[in-house]
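Quick one: this structure, given as structure tokens, is what I'll be asking you about.
Computed from the coordinates by the stated procedures, all read-outs in this text should not be read as laboratory data. Bear in mind the structure is a predicted one, so any value in this text is a computation, not a measurement. Heads up, the Cβs are rebuilt from the backbone with ideal geometry, glycines too, and the neighbour counts pull from every protein chain shown.
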């Protein structure tokens with residue numbers, strides 16, 4: 001089961017948001033929250049709020065909808081910052097000219113999932129991986145390299 005939350009039209013460039021999101025990808029929710037509290041980037045507060053929202057979505061589904069969710073086993077499965085619409089602005093320049101610049105906007109999305117799997121799902125996935133592994137582990141033929149062809153020298157005229 002996946003639990004997601006997203007914030008749209010955040011006034012931060014997606015590149016800067018990705019720096020913070022890369023810090024928390026694949027981590028447990030508790031560890032991710034600790035990292036975000038001590039990160040000095042301005043967007044970290046927004047990402048922390050978004051992560052707490054995704055966690056509350058998981059709590060809501062576990063209590064109201066009757067879905068069995070262990071909050072301690074949740075981890076950040078995916079964290080993405082996509083481009084939003086760009087705001088075009090003009091800055092005064094020398095000699096009466098004007099320079100255009102762009103203010104970027106990000107749409108940030110976080111997906112949480114449970115780390116543990118049931119026994120049947122785990123056996124199925126392990127069986128599929130083993131079957132795929134056997135296909136990949138077949139011995140490859142030894143590659144023979146040819147010596148590079150000698151360059152022809154231009155003859156004397």
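Hey, what did region 1-108 get for relative contact order, percent, Cα under 8 Å, at least 6 apart? Display every interim value, and only then the final one.
Working: 160 pairs, mean separation 42.9, N = 108.
Answer for region 1-108 is 40 percent.
Let me ask something additional. Using the per-residue mean of other Cβ atoms lying within 10 Å as a proxy for protection, in what order, highest first, do the peptides 60-70, 9-19 fall?
Numbers: 60-70: 11.5, 9-19: 16.5.
Going from most to least packed, we get 9-19, 60-70.
Okay, next question. If packing is taken as the mean number of other Cβ atoms within 10 Å per residue, what is the order of 46-58, 25-37, highest first?
Working: 46-58: 18.5, 25-37: 15.9.
So the order, starting with the most tightly packed, is 46-58, 25-37.
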